[in-house]
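Everything below concerns the one structure shown next.
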Amino acid sequence: MSVADRTPPWTSSGTCRIGFRLSRLEDGLDFLNAFVAFANFVMLPAVAYGSQLALGALGVTMIYGILRFSNFAHGDTMAFGAMATILGTWWLQAMGVSLDPFPTALLALPAGIAATAVFVLITDRLVYRFYREQKSAPVILVIVSMGVMFVTNGLVRFVIGVDEQRFADGARFIITAREFKELTGLKEGLAIKSTAMLTVVVAIIVVAILFWFLNRTRTGKSMRAFSDNEDLALLSGINPERVVMFTWIMVAALATVAGVLYGLDKSFKPFNYFQLLLPIFASAIVGGLGNPIGAIAGGFVIAFSEVTITYAFKKVAGYLIPAWEPQGLVQLLSTDYKFAVSFGILIVVLLFRPTGLFRGKAL
Amino acid sequence: MIRVEGLHKHFGGFHAVDGVTLKIAPGSITGLIGPNGAGKTTLFNLIAGTLPPTSGHVFMNGEDITGLPPHDLFHKGLLRTFQIAHEFASMSVRENLMLVPGHQQGERIWNTWIGRRRIAAEEEGIRKKADEVMEFLTIDHLKDERAGNLSGGQKKLLELGRTMMVDAQIVFLDEVGAGVNRTLLRTIGDAIQRLNRERSYTFCMIEHDMDFIGRLCDPVICMAEGKVLAEGTIEQIKANDHVIEAYLGTGLKNRMIKETSSE
């Protein structure tokens with residue numbers, strides 16, 4: 001068989017072949033532009049937001065697994081932690097301490113965690129312990145946690161005010177949209193915010209430490225044992241008050257880190273944290289309450305759905321289908337309704353898989 | 001060892017335990033028998049601190065331990081197992097056992113970060129102990145198995161193993177032989193006797209298998225309707241008219257009469 005026989009018939013004309021190749025290249029660039037736009041406006045924000053939700057949901061899921069109630073005060077615990085860290089940051093900034101290019105808040109974070117741990121331990125001693133000794137039903141503890149939520153909420157607003165507070169300093173971007181365009185020659189820019197990057201890195205570190213702690217240390221194992229079978233844990237000599245104390249300390253740390261990262265990435269406003277409660281609970285429930293891996297997965301599921309559904313795809317669509325000039329924004333849902341996404345997913349999961357994606361405890 | 005005085009537990013109008021007074025002598029293997037709903041497990045729950053009694057007292061070595069939480073009783077050497085075997089399902093058999101001894105170094109939050117060598121040294125000892133226990137109970141081939149995957153009888157052995165991880169003074173066994181096949185039952189019986197003889201454990205066990213009771217227990221206490229009906233050696237209990245009426249049934253009595261007449 002000769003070589004000519006093996007060439008496909010549609011490449012027999014030379015001009016036709018070149019034209020074909022050129023159009024393929026342009027298609028490729030358009031595709032790249034579309035991808036970069038998608039990455040810039042959907043993927044990166046969703047990964048950062050997902051990490052924040054995952055950290056928040058981990059706290060909720062730990063309280064649920066070990067203390068056996070849904071902690072409605074969690075959003076405001078995050079606000080409290082962020083507030084404590086912001087106060088520390090301001091003090092450091094006033095002292096002239098800086099961690100450039102990293103935000104100064106990272107330095108204040110340990111102090112913020114300590115303050116929040118003290119705060120939740122005091123709440124536990126004053127409020128939750130009473131109901132625990134009464135062996136109250138979980139639903140009573142849920143209502144109690146709502147009371148704690150309102151008090152914490154008021155406290156945070158009283159201390160730092162209801163307005164938006166900015167406390168992010170250091171480098172704003174790792175790479176700006178303009179630098180990216182110059183670097184790649186693409187029409188679309190990809191801006192990587194340093195806070196988004198920081199969020200992801202810190203979240204990975206925190207989750208790694210948490211899992212190491214739960215699986216490899218004696219304290220972590222007794223916490224898992226307590227969550228698995230409380231009666232047996234007690235009869236194995238595990239001191240419940242100590243397990244409860246550790247749980248609160250770890251939840252305080254998770255909440256503070258989540259709160260500070262959210263505040264750095266967006267901005268700190270007490271009311272926003274109250275609103276975060278819904279997506280956080282949705283994440284924990286979608287992943288399976290009481291299951292840490294589920295909480296992380298749930299956080300990303302909720303974040304990606306929320307950002308994708310509320311993003312206006314006009315630009316991306318313009319690159320992918322040049323012939324189509326959509327009249328609207330190609331947006332499934334206005335960002336005003338973003339909380340409806342969490343609700344929607346929550347309902348679907350509860351209807352079809354009540355234990356969550358990773359088989360947590362049934363609600 | 002254990003002295004129970006006038007113990008009552010009422011659930012609403014229902015008197016599950018209705019004025020129980022009994023003694024468990026140190027070094028004994030005391031059997032507790034009675035029909036279903038006699039209040040045996042409730043009595044265990046009251047003694048082991050799982051439930052608070054309505055009234056009455058429990059003493060251990062002369063000390064009033066009424067209403068102490070289970071983990072405090074554990075550290076005093078009072079242990080129990082469950083009628084339906086409990087286990088930490090997501091952990092391995094070995095991890096289940098290694099969790100038991102209380103007050104470990106690794107339980108302190110600072111040690112988790114700074115005292116790792118001390119924890120490692122201590123855990124080495126606990127691991128060795130867990131291996132010994134698993135060998136003793138002939139479940140060492142299951143050491144890395146998830147406890148949730150064990151069969152019912154193996155879970156019962158694991159329950160027993162849990163009590164062997166510390167130097168217990170008294171162990172309350174709730175139907176340790178129920179749902180266990182004959183060979184395994186013999187293993188469990190041997191383990192109980194060895195623990196009793198070699199490590200001077202005191203046992204108090206709820207059981208329905210009269211042969212098993214007869215082989216191990218002296219004395220035997222029979223409960224019915226929340227009260228102690230009779231107490232004595234297995235022969236005395238078997239011959240007690242109240243016990244026969246409430247629990248053993250006349251069938252056994254007839255059989256025993258037949259046996260004695262044929263001898």
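Might you check whether a residue that is more than 9 Å from chain B (Cβ to nearest Cβ), of a type in the set (Ser, Thr, Tyr), more than 30 Å from B:His75 (Cβ to Cβ) and in contact with a helix residue (DSSP H, G or I) (Cβ under 9 Å, 6 or more places away or on another chain) occurs anywhere in the range A:264-277? Checked against the condition, which is being more than 9 Å from chain B (Cβ to nearest Cβ), of a type in the set (Ser, Thr, Tyr), more than 30 Å from B:His75 (Cβ to Cβ) and in contact with a helix residue (DSSP H, G or I) (Cβ under 9 Å, 6 or more places away or on another chain), the range A:264-277 yields at least one hit.
Looking across the range A:95-110, the residues that are modelled with pLDDT of 85 or more and either open to solvent by 80 Å² or more (accessible area, probe 1.4 Å) or within 27 Å of A:Ile249 (Cα to Cα) (or both) come down to A:Met95, A:Phe102, A:Pro103, A:Thr104, A:Ala105, A:Leu106, A:Leu107, A:Ala108, A:Leu109, A:Pro110.
Summed over the range B:6-21, residues that are open to solvent by 10 Å² or more (accessible area, probe 1.4 Å) and within 15 Å of B:Met223 (Cα to Cα) total 7.
Taking the listed residues A:Leu261, A:Leu278, A:Leu198, A:Leu289, the one that is over 30 Å from A:Val151 (Cα atoms) and not hydroxyl-bearing (Ser, Thr, Tyr) is A:Leu198, with no other qualifying. Screening the candidates B:Ile170, B:Ile84, B:Ile119, B:Ile139 for the property of being open to solvent by less than 70 Å² (accessible area, probe 1.4 Å), within 12 Å of another protein chain (Cβ to nearest Cβ) and not charged (D, E, K, R) yields one hit, B:Ile119. Just so you know, in the range B:142-167 the residues that are aliphatic (A, V, I, L, M) and touching a strand residue (DSSP E or B) at 6+ places or on another chain (Cβ under 8 Å) include one that is most open to solvent (accessible area, probe 1.4 Å), and it is B:Val166. Residue check: B:Glu135 meets all listed conditions (1) without any contact (Cβ under 8 Å) to a residue 40 or more places away in the chain; (2) closer than 21 Å to B:Ala25 by Cα but one, namely (2). Restricted to the range A:205-229, and to residues there that are open to solvent by 20 Å² or more (accessible area, probe 1.4 Å) and touching a residue at least 24 places away in the same chain (Cβ under 8 Å), the residue that is farthest from the other protein chains (Cβ to nearest Cβ) is A:Val207.
Output the number of residues of the range A:134-172 satisfying the condition of being in a helix (DSSP H, G or I) and either basic (Lys, Arg) or open to solvent by less than 40 Å² (accessible area, probe 1.4 Å) (or both). Total satisfying the criteria: 13.
Only one entry in B:Leu79, B:Leu43, B:Leu51 is touching a strand residue (DSSP E or B) at 6+ places or on another chain (Cβ under 7 Å), surrounded by 20 or more Cβ atoms within 10 Å (Cβ to Cβ) and more than 9 Å from every other protein chain (Cβ to nearest Cβ), namely B:Leu43.
Taking the listed residues B:Gly125, B:Gly148, the one that is part of a helix (DSSP H, G or I), more than 8 Å from chain A (Cβ to nearest Cβ), touching a residue at least 40 places away in the same chain (Cβ under 8 Å) and not polar (S, T, N, Q) is B:Gly148, with no other qualifying.
The values are calculated or read from the model by the stated rules, or taken from the named source; none is laboratory data. Every value quoted in this text rests on a predicted model; they were computed, and no experiment measured them. Positions of Cβ are generated from backbone atoms using ideal geometry, with glycine treated the same way; all protein chains shown enter the neighbour counts. These accessible areas exclude ligands, DNA and RNA; they are computed on the full protein's heavy atoms, side chains included. Shrake-Rupley method; radii C 1.70, N 1.55, O 1.52, S 1.80 Å.
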